[in-house]
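Step one of this worksheet: look at the structure below.
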Amino acid sequence: MERITITIDDDLLEKFDQLMELKGYANRSEGIRDAMRQMLADQQLDSDAHAHCVGCVVYMYNHKERALSSRLVETQHQHHHIPAATLHLHVDAENCVEATILSGAVHEVRMLADQITAQTGVKHGRLHLIPTDQDAGD
Ligand code: NI
């Protein structure tokens, strides 16, 4: 591990320290390391659509909406070569939230997540991607 010295404006450092405290970081170094990892991950995901990643797509839907539950399952079956595991929460009498973990090349994971969240009746869809060091093999 290397020790580095960096120069930061007082205002920026003050805001960063406040954020670190709010998020519960034990020290600045860990916060800066996380920020660097996030920048590198974003760059990797943006620059290589064939890189391997895991993605978590989270979305809400009304399970009483006609055929929507089965359409969501059907969408995953149509792309069964992309590993997917779904956690389901019954939020209230009508609404469900699902978190589906997907594994594959960035372009495949984005495509399947888009097909899930673009279904009529699906709300608040968000995808979070994490790059891995695996070869996507596609
Ligand atoms: Ni449910």
### Query
If only one of 108, 74 is loosely packed, with under 14 Cβ neighbours inside 10 Å, away from the ligand (no atom under 16 Å from the Cβ) and over 30 Å from residue 17 (Cβ atoms), which one is it?
74
### Message
Can you go through 72, 68, 40 and tell me which one is farther than 30 Å from residue 92 by Cα and either in contact (Cβ under 8 Å) with a residue 60 or more places away in the chain or not acidic (Asp, Glu) (or both)?
### Response
40
### Query
Assuming residue 86 fulfils every condition listed in (1) within 16 Å of the ligand (Cβ to nearest atom); (2) in contact (Cβ under 8 Å) with a residue 40 or more places away in the chain; (3) not aromatic (Phe, Trp, Tyr) apart from one, which condition is it?
(2)
### Message
I need the full set of residues from segment 1-56 which are surrounded by 11 or more Cβ atoms within 10 Å (Cβ to Cβ), assigned to a loop (DSSP other than H, G, I, E, B) and aliphatic (A, V, I, L, M), in order please.
### Response
8, 49, 51
#### Entry: Pairs where the first residue, in segment 89-118, is of a type in the set (Phe, Trp, Tyr) and the second is within 16 Å of the ligand (Cβ to nearest atom), C-beta under 9 Å, 6+ apart
none
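Each value in this text was obtained by applying a stated rule to the coordinates, not by laboratory testing. Source: prediction; values computed, not measured. Methodologically, a virtual Cβ is constructed for each residue, glycine included, from the backbone with ideal geometry; neighbour enumeration extends over all protein chains shown.
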